[in-house]
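Input: a single structure, listed below in structure tokens.
Derivation of every value follows stated rules applied to the coordinates shown; laboratory data play no part. The structure displayed is predicted, hence computed values, not measured ones. Heads up, the Cβs are rebuilt from the backbone with ideal geometry, glycines too, and the neighbour counts pull from every protein chain shown.
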Amino acid sequence: MQYLLAIYEDEAAYQTESAWTAIIAAHTALVGDMQAAGVMRGGAGLQPSASATCVRTRAGKTSLHDGPFAEVKEQLGGFYLIEVDDLDAAIAWAKRIPLAADGVVEVRATIPD
Amino acid sequence: MSDALHARLNACLRASRAKLIASLSKHFGSLQTAEDALSAALEAALKLSSAQADSIHDFAAWLYASARNAGIDQQRKLARVEFKSEQLNELPADSPDEDDRLHLMLMCAHPALSTDTQAMLMLRYCANVEIEMIARWFFQAPDAVQRRLHRAKAKLAQSGVRCELPAPEHWQMRVQSVLSCLEILYDQSYSNVAGGAEVDACAREAEQLSLQLVDALSRLPQPRRDDSMYAEAIGLCAMLVLGESRRATRLDANREMVPLHLQPCAHWDQMRIDLAAHMLLRAAKLQQAGPYQLRALIFAHHARRKALGHTPWIDIFDCFARLLSLDEHPQIRFGWTLAALHVQGAAFARHALDAIDCSEFADAHRLSYCLVDAEIAAGEGDVSRQRAALAKAVALQSNIAEQKYLQRRLAGI
């Protein structure tokens, strides 16, 4: 089964160069483990949420909005797509995702083909 | 449909429904499919003629085979076929498996669900409690419980939770989750001492489920069973059994709470006390001490008052000290302090209580603080302090039976 692991954290935690370097190293190590276990299917880190553009549809009309979908304390900062046997295994990988401070990793199964 | 058939069916369901749901869930990988398939099989059973019904020796096996066929049909989205009991009786001996109950328990109490939802699923599917009853226990409308169960089953199916034994590396997380769920179910009924017959029934279900869990774990072959989890499951079960052994004495004739050390121990249920003692010995042999075992042991030492004529505080103090080294929870600290009062005296206990920082405590902990404070003050002969502490406790206590007890004590000083 494929699972999306979506990472939500406060972007402010990454303002220093050292925090950024440390988290990149930790993610690189995790990606290595995921590849070795044969579960890695995709993933990426995202540019800051302020760079987001939302395409909104209301009553059949689309309009563009500058900025993230919602102003919240923790923003979507990156994601992994993994393929494992069950939710337990997906949760185990989610627990290993490095965070700079407090944060949430949302685990969602994808709809099978 | 004859009355005899109806009675047979009911008896079979009472004894085997949880087992059937467990085996079918495992077979189909979905609790919802299992439930629908069993309903279809029951419908088919109710249409049997008496001659057909009489030819069925093992109704549970028949229902299992019918439900399996019904489930396969449902999964293939084919039109429903008519069930022929003769044909189904010829199926290879394939009956619901006793051990599937453990798989179902682990699935219902999956840590990805909220604890309340876990408890509701376990009550409905592992203990076969009706939705109306679960709704009353959780102070919710039956519709709300129904919807919640529905959402939970959908989540389990959609997020890939399988009705199988977890991989060894996830074993700890999964069994721990079942234990916490049972503990909360029991706590809910234990704290509501004046809840009446319905709350008592809820506590008994928690006790029964914990016995089932231990039984199922005991059947697991050694390599798949984690000894520390097994020992803790036994510990939790012994704790619930010992709690139940005292249930009849927890309220007096005026429905006022009777504290543990004043309960008439002659009325404690000796069979349960013996069972728990036996279980704790079995757990001790595994040499994997843990918090549930220690808490059960504290209960067991209290139960020894029945044989000794006095409470063996020194042993209780020792258990609390070991428990504190594993878990710094404020309630455990209070328990230790209270035991210390009996073993080391009021001055020692006062010193220990003063060392507890209670500035950020929730009401439940503030209440315990006041109760221990009052006990120590009584030991010190400080009447005004005792009165003040009890008055504070009365104000914090929302449980009527306990409030009555505290008020009477306050008036008696």
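If you take the beta carbon distance between B:Arg14 and B:Ala307 as r and set R0 to 35 Å, what does 1/(1 + (r/R0)^6) give as a FRET efficiency, to the nearest 0.05?
Working: r = 37 Å, r/R0 = 1.06.
In this case the efficiency is close to 0.40.
Grouping the Cα pair distances of the stretch B:316-413 into 10 Å bins from zero gives a pair-distance distribution of 17, 47, 33, 4 percent in increasing distance order.
The GNM of chain B, with springs linking C-alpha atoms under 10 angstrom apart, assigns the highest mean-square fluctuation among B:Ala206, B:Ala362, B:Ala347 to B:Ala362. Taking Cα centre as origin and charging only the Cβ of basic (Lys, Arg, +1) and acidic (Asp, Glu, -1) residues, the dipole magnitude of the stretch B:163-245 rounds to 240 debye.
Anyone know which of A:Ala22, A:Ala59, A:Ala92 comes out most mobile in the 10 Å Cα GNM of chain A? In the Gaussian network model the winner is A:Ala59. Measuring nothing but how far apart in sequence close Cα pairs (under 8 Å, 6+ apart) lie, relative to its length, the stretch B:238-389 scores a relative contact order of 16 percent. Of the Cα atoms belonging to the stretch A:59-113, the radius of gyration and Dmax stand at 15.6, 42 Å.
Across q = 0.06, 0.09, 0.12 Å⁻¹, chain B modelled as identical point scatterers on its alpha-carbon atoms has Debye log10 I(q)/I(0) values of -0.31, -0.65, -1.02, in the order of the q list. Only one residue of B:Gly412, B:Val199, B:Val383 has its Cα farthest out toward the positive end of the dipole of the protein assembly as shown, where Lys and Arg carry +1 and Asp and Glu -1 on Cβ, and that residue is B:Gly412. Compared with the alpha-carbon gap, the fully stretched path from B:Ser218 to B:Glu43 is longer by 59.5 nm at 0.36 nm per residue.
Which FRET efficiency, nearest 0.05, do A:Gln47 and B:His150 yield, Cβ-Cβ r, R0 41 Å?
Details: r = 40 Å, r/R0 = 0.96.
The value I calculate is 0.55.
Suppose every Lys and Arg Cβ carries +1 and every Asp and Glu Cβ carries -1, with no other charges. What dipole size does the stretch B:3-45 come out with about its Cα centre, to the nearest 20 debye? Mind dumping the intermediate values first?
Values: 5 positive and 4 negative charges, 52 e Å.
The dipole magnitude comes to about 240 debye.
Compute the label zone of A:Ile111 within the stretch A:41-64: residues whose backbone N is under 13 Å from the point 7 Å along Cα-to-Cβ. Those under the cut-off are none; the list is empty.
Of all lysines in the structure, the ones whose alpha carbon falls short of 24 Å from that of B:Lys155, not counting any fewer than 8 places away in one chain, are A:Lys95, B:Lys19, B:Lys26, B:Lys77.
Couplings for the stretch A:67-82, taken from phi via the Karplus curve 6.51 cos²θ - 1.76 cosθ + 1.60 with θ = phi - 60°, read x, x, 4, 9, 7, 10, 5, 10, 10, 5, x, x, 7, 10, 10, 10 Hz in order; Gly and Pro are left as x. Residue separation of B:Leu262 and B:Arg366 scaled by 0.36 nm, minus their Cα-Cα distance, works out to 35.1 nm of gained length. Computed over the stretch B:347-392, the range of Cα coordinates on each principal axis works out to 28, 23, 11 Å, biggest value leading. The shape of chain A can be summarised by an equivalent ellipsoid whose semi-axes, obtained from the alpha carbon gyration tensor, come to 26, 21, 11 Å from longest to shortest. Spin-label pair A:Glu74-B:Ala391: with each label point 7 Å from Cα along the Cα-Cβ axis, the two points sit 4.6 nm from one another.
Across the alpha-carbon set of the stretch B:282-338, the Rg to Rh ratio works out to 0.99, Rh being the Kirkwood radius. Cβ-Cβ distance of B:Ala201 and B:Asp357, R₀ of 45 Å, FRET efficiency by 1/(1 + (r/R0)^6): the value works out to about 0.70.
The charge dipole of the protein assembly as shown, taken about the Cα centre with unit charges on the Cβ atoms of Lys, Arg (+1) and Asp, Glu (-1), comes to about 920 debye, rounded to the nearest 20. Note that the stretch B:344-351 has calculated 3J(HN,Hα) couplings of 9, x, 5, 5, 4, 5, 4, 4 Hz, one per residue in order, obtained from phi through the Karplus relation 6.51 cos²θ - 1.76 cosθ + 1.60 (θ = phi - 60°); glycine and proline are x. Highest mobility in the GNM of chain B, judged by mean-square fluctuation with C-alpha springs under 10 Å and restricted to B:Asn399, B:Asn128, B:Asn254, is found for B:Asn254.
So what's the protein assembly as shown giving for Rg/Rh, alpha carbon basis, Kirkwood Rh from the mean inverse pair distance? Don't jump to the answer; show the numbers that get you there.
Working: Rg = 27.8 Å, Rh = 27.0 Å.
Radius of gyration relative to Kirkwood radius: 1.03.
Let me check I have the definition right: for the stretch B:215-361, take the eigenvalues of the Cα gyration tensor, multiply each by 5, take square roots. What are those semi-axes in whole Å, largest first? Each step should come with its number before you reach the end.
Numbers: eigenvalues 150, 96, 36 Å².
Values for the stretch B:215-361, descending: 27, 22, 13 Å.
With a ≥ b ≥ c the root eigenvalues of the C-alpha gyration tensor of the stretch A:7-51, is it rounded (a/c under 1.5), prolate (a/b larger than b/c) or oblate?
Details: a/c = 3.24, a/b = 1.70, b/c = 1.90.
It comes out oblate by the Cα gyration axes.
Computed from backbone phi with θ = phi - 60° and the Karplus coefficients 6.51, -1.76 and 1.60, the 3J(HN,Hα) list for the stretch B:23-33 is 5, 5, 4, 5, 5, 9, x, 8, 5, 5, 4 Hz; x is used for glycine and proline.
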